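Presented below is the structure to which this report refers.
The values are calculated or read from the model by the stated rules, or taken from the named source; none is laboratory data. As the structure is a prediction and not an experimental result, all values here were calculated from the model. All Cβ positions, even for glycine, are placed from backbone atoms using ideal geometry, and neighbour counts span all protein chains on display.
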Amino acid sequence: MRPSGRQIDEMRSISIETGITRHAEGSALIKCGDTHVLCTASVDERVPPFLKNSGLGWVTAEYGMLPRATHTRMRREAKNGQSGRTQEIQRLIGRALRAGIDRVALGERQITVDCDVIQADGGTRCAAITGGWVALRLAVNKLIQAGDVLSDPLIDHVAAVSCGVYAGQPILDLDYPEDSEAGVDGNFVMTGSGRLIEVQMAAEGSTFTREQMDQLLGLAEQGASDLVAAQKTATA
């Protein structure tokens, strides 16, 4: 039995609310159970120096957690510098979102997706990717409406979900009590068409078999499908 009482293939409740902030070109508040992440997308008509005059656009991301997003207060990284974990997560978010965009069609501009964790209960990076795509979609919609891009640069949905082995059983969408005790922990980033962008898998106390890996992938495909459905509803 899972601590939450969910079935092994049952996602937490998912909600995505858009238009959260006034100034950002795109914004979304994603809630995956008790994990809540505010995602905003900002358009800049400049690109990083290494892309100047290339004709290619760029999507990047920044990630952070509010001091009391967790059970005990964390010190603000603005005072102490970014942790290795934060840098790794925001690079993952940027890679994931770039996989779903045609950088030629975007044109020579940059979109920065900021993901701020308001409340954490496991799976924050996955929620950030899923909600970040919605914010990106809304920002791109504004570019299309303004005639700033000639064709839609978003080529597919991008969503992410965690899976792991808890109490010897593969499960979908780990919350914190499960994540903290899982023998195997993984994050799956996928496109709406079911293609893999990135898989992060690690044994956290016990090794896992090829059969378990296949089971986790099957659960991830199911979870990603649910998340893409929520993205479509939010951006309809």
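The table below lists the values:
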{"item": "Top-ranked residue in region 67-92 [being of a type in the set (A, V, I, L, M, F, W, C) and modelled with pLDDT of 95 or more; ranked as nearest to residue 35 (Cα to Cα)]", "result": "69"}
{"item": "Residue tally, condition of a type outside the set (A, V, I, L, M) and touching a helix residue (DSSP H, G or I) at 6+ places or on another chain (Cβ under 7 Å), over region 28-66", "result": "11"}
{"item": "Among (1) more than 25 Å from residue 194 (Cβ to Cβ); (2) of a type in the set (S, T, N, Q); (3) surrounded by 14 or more Cβ atoms within 10 Å (Cβ to Cβ) - the single one residue 54 does not satisfy", "result": "(3)"}
{"item": "Options 216, 136, 227, 174; residue that is surrounded by 19 or more Cβ atoms within 10 Å (Cβ to Cβ), of a type outside the set (Phe, Trp, Tyr) and in a loop (DSSP other than H, G, I, E, B)", "result": "174"}
{"item": "Residue list for region 108-165, filter: under 25 Å from residue 216 (Cα atoms) and among the charged types (D, E, K, R)", "result": "121, 125, 156"}
{"item": "Residue that is nearest to residue 172 (Cα to Cα), among those in region 30-66 that are of a type in the set (Phe, Trp, Tyr) and free of Cβ contacts under 8 Å to residues at least 60 places away in the same chain", "result": "58"}
{"item": "Yes/no for residue 120 being among the hydrophobic types (A, V, I, L, M, F, W, C) and surrounded by fewer than 18 Cβ atoms within 10 Å (Cβ to Cβ)", "result": "no"}
{"item": "Which numbered condition residue 129 fails, given (1) farther than 28 Å from residue 72 by Cα; (2) touching a residue at least 24 places away in the same chain (Cβ under 8 Å)", "result": "(1)"}
{"item": "Segments classed as helices (runs of 4 or more DSSP H), wholly inside region 1-119, with at least 3 members that are of a type in the set (A, V, I, L, M) and under 15 Å from the mean Cα position of the chain (by Cα)", "result": "84-98"}
{"item": "Condition check for residue 186: touching a residue at least 12 places away in the same chain (Cβ under 8 Å), of a type in the set (Gly, Ala, Ser) and part of a strand (DSSP E or B)", "result": "yes"}
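Quick grid of which residues meet (1) at pLDDT below 95; (2) farther than 22 Å from residue 61 by Cβ:
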{"residue": "106", "(1), (2)": "no, no"}
{"residue": "119", "(1), (2)": "no, no"}
{"residue": "146", "(1), (2)": "no, yes"}
{"residue": "176", "(1), (2)": "no, yes"}
{"residue": "180", "(1), (2)": "yes, yes"}
{"residue": "189", "(1), (2)": "no, no"}
